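The values are calculated or read from the model by the stated rules, or taken from the named source; none is laboratory data. What you see is a predicted model, and the numbers here were worked out from it, not measured in a lab. Cβ coordinates were reconstructed from backbone atoms using ideal geometry, including for glycine residues, and neighbour counts include every protein chain displayed. SASA here: full protein model, heavy atoms, side chains in, ligands and nucleic acids out. Shrake-Rupley method; radii C 1.70, N 1.55, O 1.52, S 1.80 Å.
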Amino acid sequence: TTTCGGGEIVRTFTVTENFPIGRVSVGFVAAHARRDDLRVTLESPTGTSVRLLDDGIPGTDFRNADLFLDDAEPVGLGNLRGDQDPTAPYYERRARPREPLQAFRGETAAGTWTLRICDSNPSTDDGAYERSLLVLTPRYSAATSGRWTYRVIGDEPLDFVTEPLALYGTDAVGNRTADPTTMLVIIDNVAPVITATQVVSAVVYTPTLRVLEGTASDGGPTVYLRVDVRTPTGEFYSEPPERSGRAWRYDLHPPIAGRYLLWVTAADEAGNVTTAGPFEVELFPRPIVHLPMVAREHVPAPNLVVERIVATPDNVQVVIRNIGDRPVTDEFWVDLYIDPESAPTGVNQTWSLLGEQGVVWGVTADALPALTPGGRLTLTVGDAYYRAELSRIDRPLAEETQVWAQVDSA
């Protein structure tokens with residue numbers, strides 16, 4: 001329940017060795033009911049500060065943190081799905097931190113490093129800080145004998161660039177290798193570039209639906225693409241989009257109607273990752289269409305039906321259509337029933353007879369020219385025909401609220 005901005009847990013690491021830093025990695029373990037709420041910052045002895053954890057992606061309410069954070073990891077922090085285990089073995093889930101740890105590169109390692117941990121929403125859930133690990137790697141690493149290593153560091157943006165290396169040895173009195181060992185290395189520290197355009201955001205449910213399209217490019221030969229989908233029931237799955245050169249597109253195959261969240265992730269061969277999203281797609285249940293009655297002794301007349309209802313938390317839209325073969329000449333009433341005790345079945349069955357909430361529209365003569373045969377009229381809460389004195393609606397409407405509408409209701 002520690003608050004951010006002064007009430008953080010403070011953990012310090014005292015480093016006595018003095019060397020220029022080439023790379024910083026951090027392990028972190030905490031038990032918490034909502035990992036999104038954790039905010040963790042690392043500060044170097046010189047005062048440089050890097051935000052390690054601060055998810056910032058709504059709707060990813062997972063538990064616990066068991067992380068090893070390093071800039072070279074291919075998976076971003078925001079792409080980690082599912083709960084994590086804060087018990088041994090520790091630091092199992094590898095990911096890139098919220099901000100790059102390369103901000104510490106070139107600084108001196110010696111001194112006190114400070115880790116600050118807090119809860120960005122302490123009034124909702126709490127948890128326990130368990131342990132942490134600080135790993136500092138020197139910028140240059142060698143040995144006087146035996147095995148040695150050298151880390152190639154790209155201090156500037158390099159996108160799949162080939163660099164030559166010449167390796168020399170020098171002994172204690174200054175004798176240097178006459179003919180160096182040479183090799184070529186490919187440096188790629190630039191993430192792919194992706195564009196993503198949302199094709200639809202709200203539509204009636206269909207088993208296959210084009211929802212996203214865009215482009216992906218990179219300096220290297222290969223870009224890997226993945227679309228992560230969160231279903232209305234909270235489950236996640238991933239699929240590759242269709243590819244054609246740099247262009248890509250993704251068709252959603254929704255199992256049910258509801259609200260879907262989608263993320264697009266592009267990765268290159270070096271593990272650099274770019275993510276776009278979330279994109280929200282709302283699929284409405286397919287309405288039931290009742291066929292008109294056909295009579296042998298047909299009388300030409302207007303015939304008003306409710307063609308469509310679109311209910312959102314803050315408003316309701318009802319579309320009225322004249323499916324008859326004559327224009328509408330008489331003013332009429334429309335009732336909206338919100339969670340009625342039973343379905344409306346006949347005339348003069350206004351909303352107040354069936355439930356506690358409802359909406360009334362009184363459609364006056366000025367709207368009738370729009371209702372020629374095949375014509376439509378769209379009604380919304382608060383429009384010119386809305387009768388507030390006869391209506392009662394508490395907004396926002398809860399999910400799964402049942403809504404009915406009847407035209408010529410009274």
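Note on the stretch 249-292: along the principal axes its Cα atoms extend 62, 15, 14 Å, ordered by decreasing extent. Which longest uninterrupted range of the chain lacks any GluC sites (Glu not before Pro) assigned by DSSP to a loop state (not H, G, I, E or B) and surrounded by at most 16 other Cβ atoms within 10 Å? Segment 93-234 is the longest. About its Cα centre, the chain has a charge dipole of approximately 680 debye under the convention of +1 per Lys or Arg Cβ and -1 per Asp or Glu Cβ, with nothing else charged. Of the labelled figures (i) 63, 27, 15; (ii) 42, 28, 15; (iii) 37, 32, 16, only one reflects semi-axes √(5λ) of the Cα gyration tensor in Å as derived from the coordinates, namely (i). In a simple Cβ point-charge model (Lys, Arg +1; Asp, Glu -1; nothing else charged), the stretch 349-410 has a dipole of about 140 debye relative to its Cα centre. Distance from the C-alpha centroid of the stretch 42-105 to that of the stretch 196-223: 28 Å, rounded to the whole angstrom. Taking only Cα atoms and a 10 Å spring cutoff, compute GNM fluctuations for the chain and point out the largest among Pro300, Pro45, Pro278. Among Pro300, Pro45, Pro278, the largest mean-square fluctuation in the Gaussian network model of the chain belongs to Pro300. A cut-off under 13 angstrom between Cβ atoms defines the neighbours of Pro74, and their net charge, with Lys, Arg +1 and Asp, Glu -1, is -2. Projecting the Cα atoms of Pro45, Ala178, Leu67 onto the dipole axis of the chain, where Lys and Arg carry +1 and Asp and Glu carry -1 at the beta carbon, places Ala178 farthest toward the positive end.
Among Pro122, Pro100, Pro221, which one shows the highest mean-square fluctuation when the chain is modelled as a Gaussian network with alpha-carbon springs under 10 Å? Taking springs between Cα atoms under 10 Å, the residue moving most is Pro221.
Going by a ≥ b ≥ c, the root eigenvalues of the Cα gyration tensor, does the stretch 152-288 fall in the rounded group (a/c under 1.5), the prolate group (a/b larger than b/c) or the oblate group? Prolate, since a/c reaches 1.5 and a/b exceeds b/c.
With protein chains left intact and a 1.4 Å probe, residues in the stretch 79-201 average 63 Å² of accessible area per residue.
Among Ser352, Ser44, Ser217, the residue with the largest mean-square fluctuation in a Gaussian network model of the chain, with springs joining Cα atoms closer than 10 Å, is Ser352. Within the accessible surface of the chain, defined with a 1.4 Å probe on protein heavy atoms only, the carbon and sulfur portion equals 50 percent. Around the amide H of Thr2, modelled in the peptide plane, lie the amide H atoms of Asp119, all under 5 Å away and 5 or more residues distant in sequence or on another chain.
Solvent-accessible area per residue in the stretch 258-358 equals 58 Å², computed with a 1.4 angstrom probe and all protein chains kept. Which one, Gly374, Gly362, Val347, is farthest towards the positive end of the dipole of the stretch 315-401 when Lys and Arg carry +1 and Asp and Glu -1 on their Cβ? Positive-most Cα among the choices belongs to Gly374. Taking each residue as 0.36 nm, the span from Leu165 to Glu130 lengthens on full extension beyond its C-alpha to C-alpha distance by 8.3 nm.
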